[in-house]
Amino acid sequence: MIRSALTYGVALAVLALAPSALAQGGPAPSTDTMAAPAQPGAIALPAPDGPNREVWHRDNGQVAVRNVTHATLTPVLPVGGGTGAAVIVAPGGGFLGLAIEKEGWDVARWFANHGVAAFVLKYRVLPTPASQAEFSDKLSRMLKGEKTDMALPDDTPAEALADGLAALRHVRAHAAEFGVDPTRIGFMGFSAGGFLTRSVVANAGADMPAFAAPIYPNMRPMVVPDNAPPMFVAIAADDFLIGMAGGQTALIDSYRKAGKPIEFHLFQRGGHGFGIGNAADTSSGWPDLMLRWLDVNGLLKGRK
């Protein structure tokens, strides 16, 4: 169990950046790094000049990256055409890094295989030690409640939000090249990426996505803008983020009070960080539920 005294930022880091076993007293995060993998077709998004400081590594055998200083957008497109719908996918990682394989590439491939063009957003995150061994040590200590010098946010950093909005603008401006409808481009994210999804909705203005899908996000209340899009939310009942929201689902209540369409799936179990879903529980069904929701809302074959 994550202690309620931990900040939202620390809590996000627990299960998104470190192996799940660590939260239960298991092994420390990996101290090994890896070469940056191929990212076919990756598109550089606007960012300040500066060195590339990325550190690529594995967590639970899956590829992750931290110290992202230059945001990119990697298209994963349907083969042989699609529905015309598109979604930007923002992985989680406590804004200290990105679980880019589990909550990015895997998710994008699933949606592309079901006719929805997907774009994995590698957004800028907060700086962490260049040494993977030092990072692993400090993260382990932090998770034990010790103080370290790694900064952790309670909500979306400005750089991540800027990258999210830039991604929307880019896909919309190049919709014809990608074979998508500029009026059917959505935004989704996991854990910290779910925080980012909420922030995009709250701040997009004229750049508002056609739909939003924060998956195991911050469940606290939000200010819902007048032009807020339909929202799809999925989270497990045993996710610590519900506990940190006082056991409430205030995000859902905020949307309903604003009179905006929202669909909410609370799975019996699944914990935090189930990604595309756990085969052992019903969280594995959320992608099909979301695809059906997109269809019912007229987002797969044009607006009804």
Cross-link reach list, lysines versus Lys144, counting only Cα pairs under 27 Å and skipping chain neighbours closer than eight places: Lys102
Determine one quarter of the surface area of the Cα convex hull of the chain, which equals its mean projected area, and express it in nm² to one decimal. 14.7 nm²
Do any trypsin sites (Lys or Arg not before Pro) in the stretch 63-158 lie in a DSSP loop with no more than 12 other beta carbon atoms within 10 Å, and if so, which? Lys144, Lys147
Of all beta bridges DSSP finds with both residues in the chain, what is the antiparallel percent, to the nearest 5? 40 percent
Of all accessible surface on the chain at a 1.4 Å probe, what whole percent is carbon and sulfur? 52 percent
Of Thr148, Thr33, Thr183, the most mobile residue in a GNM of the chain (C-alpha springs, cutoff 10 Å) is Thr148
5 Å is the cut-off here: which amide hydrogens, built 1.01 Å from N in the peptide plane, fall below it relative to Phe232, excluding neighbours closer than 5 in sequence? Ala212, Ala213, Glu263
Computed over the chain: longest principal axis from alpha-carbon atoms vs helix 132-143 long axis, angle to nearest 10 degrees, is 90 degrees
By the scheme Lys and Arg +1, Asp and Glu -1, what is the net charge of all other residues having a beta-carbon under 14 Å from that of Asn278? -3
Surface per residue (accessible, 1.4 Å probe) for the chain, Å²: 41 Å²
Quickly estimate the mean residue ellipticity at 222 nm for the chain, helices only: each DSSP H run with n ≥ 4 gives -39500 (n - 2.57), and the total goes over all residues, rounded to 500. -8000 deg cm²/dmol
Positive-end residue of Leu139, Ala36, Thr74, charge dipole of the chain with Cβ unit charges: Thr74
Relative to the first principal axis of the alpha-carbon coordinates of the chain, what is the inclination of helix 286-296, with its axis defined by its Cα atoms, in degrees from 0 to 90 and to the nearest 10? 20 degrees
For helix 158-173, report the angle its Cα long axis makes with the longest principal axis of the Cα atoms of the chain; keep it between 0 and 90° and round to the nearest 10°. 30 degrees
Could you give P(r) for the stretch 191-289, binned at 10 Å from zero, as whole percent values over all Cα-Cα pairs? 17, 51, 29, 4, 0
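The values are calculated or read from the model by the stated rules, or taken from the named source; none is laboratory data. Computed from a predicted model, the values in this text were never measured in an experiment. All Cβ positions, glycine included, derive from the backbone under ideal geometry; neighbour counts span all protein chains shown. With ligands, DNA and RNA removed, areas are computed over all heavy atoms of the protein, side chains included. Shrake-Rupley method; radii C 1.70, N 1.55, O 1.52, S 1.80 Å.
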